[in-house]
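The values are calculated or read from the model by the stated rules, or taken from the named source; none is laboratory data. What you are looking at is a predicted structure, and each value in this text was computed from that prediction instead of being measured. Cβ placement follows ideal geometry from the backbone for every residue including glycine, while neighbour counts extend to all protein chains displayed.
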Amino acid sequence: MGVFQGHQIPSLIGTVAMATFFLIPLIFKWLNIMPKIGRGMKLWDYFWVYVYALLIPNSTYAFFEVRHLILNDNVADTLTLLSYVVFGGISLIGLLTTIWGIRLVVDYYSKSNMERLVYTSFLSIICSFGAVAGVLQFNSVPYILFPPALIVVVLHTMGHPFYVGVAIITTIFLLTLNLFMDLFLKPT
């Protein structure tokens, strides 16, 4: 097990791998098996929506790896070009998969501009919990296996104004970025 500037290498690889799970809709869309939402949902659709909802915050968690370049947290405290490449690269992957994942879901399910706004807002809020989980060093795997653990993140967030602020700022950032992109990119 290796360590890169105070961070476990398998954990870094796992963070990138979990961030890419946010692109599951791209695979589902390609295979023509996107789950239904609303009336006519089958048990299988509920399962996929549930799994996807639990994986959504992982990309934002990866985006917040940039904290190691900003904070003095015993990881990458001595900044080098390689630390910017590794942690900045993981952060960029997290941001891109977050934005792309939100856009894939919103483009697929929304039928009007109001629905686009509602779906984008909802996904931005859910993604903000990934930011808080990243700051708190929570790992999402237990949440998939034991969903009530997500309640711990929510309760921990609500009990600290700093984490509420991180969640709100992240939500506003993602919502604004997605709405800005809607102005220039025609939805697919």
For this session: Within region 54-79, work out how many residues are touching a residue at least 60 places away in the same chain (Cβ under 8 Å) and either basic (Lys, Arg) or surrounded by fewer than 12 Cβ atoms within 10 Å (Cβ to Cβ) (or both).
Result: 3
For this session: List every residue pair whose Cβ atoms sit under 7 Å apart, with the two residues 6 or more apart in sequence or on different chains, where the first one lies in region 163-188 and is farther than 14 Å from Ile99 by Cβ and among the hydroxyl-bearing types (Ser, Thr, Tyr) and the second, anywhere, is surrounded by 12 or more Cβ atoms within 10 Å (Cβ to Cβ) and modelled with pLDDT of 90 or more.
Result: none
Exercise. Do the conditions hold for Phe184, that is, is it aromatic (Phe, Trp, Tyr), surrounded by 14 or more Cβ atoms within 10 Å (Cβ to Cβ) and either at pLDDT 65 or above or under 21 Å from Thr15 (Cβ atoms) (or both)?
Worked result: no
Exercise. For Ser128, are the conditions met, namely being more than 12 Å from the chain's Cα centre (by Cα), in a helix (DSSP H, G or I) and polar (S, T, N, Q)?
Worked result: no
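Would you mind stating whether Tyr163 is assigned to a helix (DSSP H, G or I), closer than 24 Å to Lys36 by Cα, at pLDDT 75 or above and not basic (Lys, Arg)?
Here the answer is no, as Tyr163 does not meet what is asked.
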Exercise. Does any residue of region 28-42 turn out to be surrounded by 13 or more Cβ atoms within 10 Å (Cβ to Cβ), modelled with pLDDT under 80 and part of a helix (DSSP H, G or I)?
Worked result: yes
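Going by the structure shown, is Thr15 surrounded by fewer than 17 Cβ atoms within 10 Å (Cβ to Cβ), out of contact with any Ser or Thr (no Cβ under 6 Å at 6 or more places or on another chain), touching a residue at least 40 places away in the same chain (Cβ under 8 Å) and of a type in the set (S, T, N, Q)?
The answer is no for Thr15.
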Exercise. Is it the case that some residue within region 102-111 is within 14 Å of Phe22 (Cα to Cα), assigned to a helix (DSSP H, G or I), of a type in the set (Val, Ile, Thr) and at pLDDT 85 or above?
Worked result: yes
